[in-house]
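Below: the structure, in structure tokens.
The values are calculated or read from the model by the stated rules, or taken from the named source; none is laboratory data. Since we're looking at a predicted model, the values are computed, not measured. FYI the Cβ positions are ideal-geometry reconstructions off the backbone, even for glycines, and counts take in every protein chain you see. Surface accessibility is based on the protein's heavy atoms, side chains included, excluding ligands, DNA and RNA. Shrake-Rupley method; radii C 1.70, N 1.55, O 1.52, S 1.80 Å.
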Amino acid sequence: MTLEEFHSTCSALAADAPALIAAVADLGAWGDLRNALVGRTSGRLTDIMSALGSLPKEDRRAAGQLANATKVAIEELLEKRRAELAGAAKTISLSDPTMPARESWRGSVHPVSLVIDEISGIFRELGFSIALGPEAETEWYNFQALNFPADHPAMELHDTLYLEGGGLLRTHTSPVQIRTLQKYPPPVRILAPGNVYRRDFFDATHSPMFAQIEGLAVDEGISFADLKATLTHFAKRFYGASKRTRFRPSFFPFTEPSAEVDVEVDLGDGRGLRWVEIMGCGLVHPSVLESAGVDSEKYTGWAFGMGPGRIAQSRYGIPDCRVMFDSDMRFLQQFAK
Ligand code: DAH
């Protein structure tokens with residue numbers, strides 16, 4: 001090869017390289033091009049270098065310098081392009097469909113529902129089924145059929161939310177007792193969870209809407225012993241087998257005799273072991289059975305009513321009942337499994 005030929009081969013390579021390098025679209029193609037241009041064993045620059053030996057001795061020095069300058073220039077261009085392609089690859093990976101998906105939102109069961117579910121489970125084992133009734137009731141189902149006297153204070157305007165055109169928002173779940181007995185002849189064993197409404201302020205311990213669970217068992221020969229045994233069993237299942245329970249005399253228009261059930265528990269609030277009221281109960285008043293069309297000479301029964309909201313508050317240490325109505329995720333997520 002003559003020096004002139006050597007020159008033109010070098011400048012042809014120098015002239016081609018920028019366009020070739022700019023044209024590669026990814027790192028794979030870039031690697032192939034680098035081999036083709038400046039690859040160690042083959043490639044256009046290697047051919048040039050090996051041609052050096054065929055030049056006249058006196059020309060080799062200048063030719064070597066030219067080849068080297070061409071190599072450095074090409075390598076600089078290659079490196080610049082590589083950096084560009086690597087940056088672009090990073091940008092592309094942001095929309096890479098194989099990236100892990102965003103974490104999905106998981107719902108949680110509300111603490112009051114958790115308590116209702118657990119209580120329902122215990123009574124289901126004892127043969128109770130679930131019964132439901134309307135939240136908008138008639139005065140008859142909510143009061144009269146349950147043996148409330150006409151002047152009972154619970155019926156006052158300032159205690160009950162009356163609806164226009166008659167009716168009211170039920171103040172307790174007890175009307176479900178009447179509706180169930182009207183539909184199904186004894187033996188009856190039901191649990192009736194649901195919301196009830198009262199004209200109450202919304203503060204740390206009151207809410208105008210809250211949940212109740214009603215229980216009712218009606219059959220031949222049912223006595224107070226059945227009530228005590230069942231509710232004691234329930235308290236031990238729910239709070240722990242070692243827990244003590246006690247029955248205190250009380251009054252409700254729809255039961256006779258009536259009682260309040262307490263369980264002795266340590267709620268972990270630093271106050272130690274103490275008696276906590278968990279429900280009201282009693283033997284169903286004969287006039288309640290008669291209102292529902294049940295023969296009170298043949299059948300007897302017992303009933304109870306409890307507040308799962310209160311139970312949730314004591315069980316989970318919730319000091320202010322309002323958080324149970326706020327839909328605040330920071331509160332609710334603590335109950336996610
Ligand atoms: N209905 C009562 C209330 O809302 C709760 C209650 C007490 C229900 C005693 C009962 C019962 O069935 O036997 O305060």
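Selection of segment 12-22 for residues being out of contact with any Leu (no Cβ under 9 Å at 6 or more places or on another chain) and farther than 17 Å from Thr46 by Cβ yields Ala15, Ala19.
Looking only at segment 84-106, decide whether some residue is of a type outside the set (Ser, Thr, Tyr), closer than 30 Å to Ser327 by Cα and touching a residue at least 12 places away in the same chain (Cβ under 8 Å). Show your work before the answer.
Let us first name the residues in segment 84-106 that are of a type outside the set (Ser, Thr, Tyr), namely 84-90, 92, 94, 96-97, 99-103, 105-106.
Still in the list and also closer than 30 Å to Ser327 by Cα: 100-103, 105-106.
Checking which are touching a residue at least 12 places away in the same chain (Cβ under 8 Å) leaves us with 106.
Scanning segment 84-106 turns up at least one residue that is of a type outside the set (Ser, Thr, Tyr), closer than 30 Å to Ser327 by Cα and touching a residue at least 12 places away in the same chain (Cβ under 8 Å).
Taking the numbered list (1) touching a strand residue (DSSP E or B) at 6+ places or on another chain (Cβ under 6 Å); (2) within 11 Å of the ligand (Cβ to nearest atom) in turn, Arg198 passes all entries but (1). Within segment 12-37, restricting attention to residues that are in contact with a Ser or Thr (Cβ under 8 Å, 6 or more places away or on another chain) and over 22 Å from Ala89 (Cβ atoms), the residue that is most open to solvent (accessible area, probe 1.4 Å) is Ala14. The numbered conditions (1) open to solvent by 60 Å² or more (accessible area, probe 1.4 Å); (2) under 25 Å from Thr300 (Cα atoms) are all true for Phe201 except (2). Name every residue in segment 202-237 that is part of a helix (DSSP H, G or I), within 27 Å of Pro186 (Cα to Cα) and out of contact with any Gly (no Cβ under 8 Å at 6 or more places or on another chain), in order of residue number. Those that are part of a helix (DSSP H, G or I), within 27 Å of Pro186 (Cα to Cα) and out of contact with any Gly (no Cβ under 8 Å at 6 or more places or on another chain): Phe224, Ala225, Asp226, Lys228, Ala229, Thr230, Leu231, Thr232, His233, Phe234, Ala235, Arg237. Among the criteria (1) farther than 24 Å from Met155 by Cα; (2) within 12 Å of the ligand (Cβ to nearest atom), the one Thr255 does not fulfil is (1). With the structure loaded, tell me whether Pro249 is more than 33 Å from the chain's Cα centre (by Cα), assigned by TED's automatic domain parsing to the domain that holds Asn142 and away from the ligand (no atom under 11 Å from the Cβ) or whether it fails that test. Here the answer is yes, as Pro249 does meet what is asked. When restricted to residues that are open to solvent by less than 30 Å² (accessible area, probe 1.4 Å) and touching a Phe, Trp or Tyr at 6+ places or on another chain (Cβ under 8 Å), segment 231-253 contains 3.
Please specify each residue of segment 297-321 satisfying the condition of being open to solvent by 80 Å² or more (accessible area, probe 1.4 Å), more than 16 Å from the ligand (Cβ to nearest atom) and not hydroxyl-bearing (Ser, Thr, Tyr). Residues satisfying the conditions are Glu297, Lys298, Arg315, Pro319.
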